[in-house]
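Note sheet for the following structure.
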Amino acid sequence: MRLLEWEAKDIFRSYGIPVPEGRVITDPKKAEEICSALEGDVVLKAQVDVGGRGKEGGVLFADPLSVADTAETLFHRTIKGVPVERVLIEERLEILHEYYLSITIDRSSREILLLFSSEGGVDIETLASERPDEIRRIAIPPILSEVPAFAIRELARGAPREIGSIVSRLYRLFREKDAVLAEINPLVLTPRGLCAADAKLIVDDNALQRQGISVNRSLTRREQEAERHGFSYVELEGDIGVIGNGAGLTMATLDLIAQAGGRAANFLDVGGGAERERVMHAVRLVAGMPSVRVILVNLLGGITRCDEVAHGILDANVPQKIFVRLAGTNEEEGRRILAEKGYRMFDTMEQAVYAAVGVR
Ligand code: GDP
Ligand code: MN
């Protein structure tokens, strides 16, 4: 699970990694008070669970006179479809240089991988793809509880010496917090020394209980709704909404979409016995994702009756085009109901998937 920036920074701070002074607020009216306690200009950062906020308008600067308005603006934004419910207000750092530092797991060699670049900041992904040599990598066997000094020197050649203690502390944090990623981008050089201007921490989902992290805490509104209905639901990055029954069939649908060159917006398994109302809620839930362009319903009737499914789809009454593949119990009736309303029906899931992917 990915922690929010302010949560990650609290942990970084507890490990002695320098982070900016700041406070998180849920009400824009608190902005002025926090700002006056910080003295000087501030940076306001949307606490949303997506990367690249800077480029999406999720990081704003303000002075004490404009901070109230800036906070209002930020709280009214959505960043990559995620509404801003929390904002971190921090002292604005004077940045002399931006570095990149991260620790992750190299799954093929089963080692801990340290990455460093002297060109950190918002364009790190471009750098990684266009000039990968600018990112130095060092693998550490996980049996080592400390990063050897020579490895740090090698990794962060050219950076200020104090980076050594930051690398050591981040490594210790990474191991003790069961992290799969600990990243500082940018790690900035200021007149007062190095400071983690941003913080990203992903904790292994299998370790959440041990780490005392509650799983439901960071569910999105839609994920909470899915949980209420008993759907297995995961949001993905694509634009094709997916509804299936049974984890296997739904996974197979996602695989086929990828194979056909499309990108699924989600995984949603409605479960067994999908009656009319459940289907309606599932369709509305998926249609409510701003990224969803078309919806693919792939249901096998068993306990589930296809005519119930058909009515559920009609009841949902959503704007997106819906591609339907229904097979099994009461198949004929289900298809008839939908065909009457102008839906195109498909005999196989391959046909339905290709049709959905083909819509542009
Ligand atoms: P991200 O886009 O979600 O990774 O958000 P970041 O927290 O990394 O902020 C994006 C960019 O905003 C950084 O790379 C910095 O260039 C800039 N930035 C963030 N905090 C400060 C700050 O305190 N002072 C200055 N001058 N720039 C900042
Ligand atoms: Mn960043």
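The values are calculated or read from the model by the stated rules, or taken from the named source; none is laboratory data. Note that the coordinates shown come from a computational prediction; the quantities given were computed from them, not determined experimentally. Methodologically, a virtual Cβ is constructed for each residue, glycine included, from the backbone with ideal geometry; neighbour enumeration extends over all protein chains shown. Note: areas computed on protein heavy atoms with side chains; ligands, DNA, RNA excluded. Shrake-Rupley method; radii C 1.70, N 1.55, O 1.52, S 1.80 Å.
Do any strands (runs of 3 or more DSSP E) lying entirely in the range 15-71 carry at least 3 residues that are closer than 27 Å to Val167 by Cα, and which ones are they?
22-25, 42-46
Which ones in the range 202-240 are over 18 Å from Glu277 (Cα atoms) and part of a strand (DSSP E or B)?
Ile202, Val203, Val234, Glu235, Ile240, listed by residue number.
For Ile89, state whether it is out of contact with any Ser or Thr (no Cβ under 6 Å at 6 or more places or on another chain) and either modelled with pLDDT under 95 or not hydrophobic (A, V, I, L, M, F, W, C) (or both). Walk me through it before giving the result.
Details: out of contact with any Ser or Thr (no Cβ under 6 Å at 6 or more places or on another chain): yes; either modelled with pLDDT under 95 or not hydrophobic (A, V, I, L, M, F, W, C) (or both): no.
Spelling it out, it is not the case that Ile89 is out of contact with any Ser or Thr (no Cβ under 6 Å at 6 or more places or on another chain) and either modelled with pLDDT under 95 or not hydrophobic (A, V, I, L, M, F, W, C) (or both).
Given the conditions (1) out of contact with any Gly (no Cβ under 7 Å at 6 or more places or on another chain); (2) open to solvent by 20 Å² or more (accessible area, probe 1.4 Å), and given that Ala197 satisfies all but one, which numbered condition is not satisfied?
Status for Ala197: all satisfied but (2).
Which residues, taken from the range 72-110, are hydroxyl-bearing (Ser, Thr, Tyr) and open to solvent by 70 Å² or more (accessible area, probe 1.4 Å)?
If the condition is that a residue be hydroxyl-bearing (Ser, Thr, Tyr) and open to solvent by 70 Å² or more (accessible area, probe 1.4 Å), then Thr78, Ser108 are the ones that fit.
Yes or no, residue by residue, for (1) within 16 Å of ligand 2 (Cβ to nearest atom); (2) under 14 Å from Asp198 (Cβ atoms); (3) among the acidic types (Asp, Glu); (4) modelled with pLDDT of 95 or more:
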position	(1), (2), (3), (4)
Val19	yes, yes, no, yes
Gly22	yes, yes, no, yes
Ile25	no, no, no, yes
Pro28	no, no, no, yes
Glu33	no, no, yes, yes
Asp41	no, no, yes, yes
Ala46	yes, yes, no, yes
Val50	yes, yes, no, no
Gly57	yes, no, no, yes
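Mind listing just one residue for me: the one in the range 55-71 that is within 8 Å of ligand 1 (Cβ to nearest atom) and surrounded by fewer than 16 Cβ atoms within 10 Å (Cβ to Cβ) and, of those, nearest to Arg86 (Cα to Cα)?
Residue satisfying both the conditions and the ranking: Phe61.
So, Glu333, is that one charged (D, E, K, R), within 31 Å of the chain's Cα centre (by Cα) and outside the structural domain of Pro83 (by TED's automatic domain parsing) or not?
no
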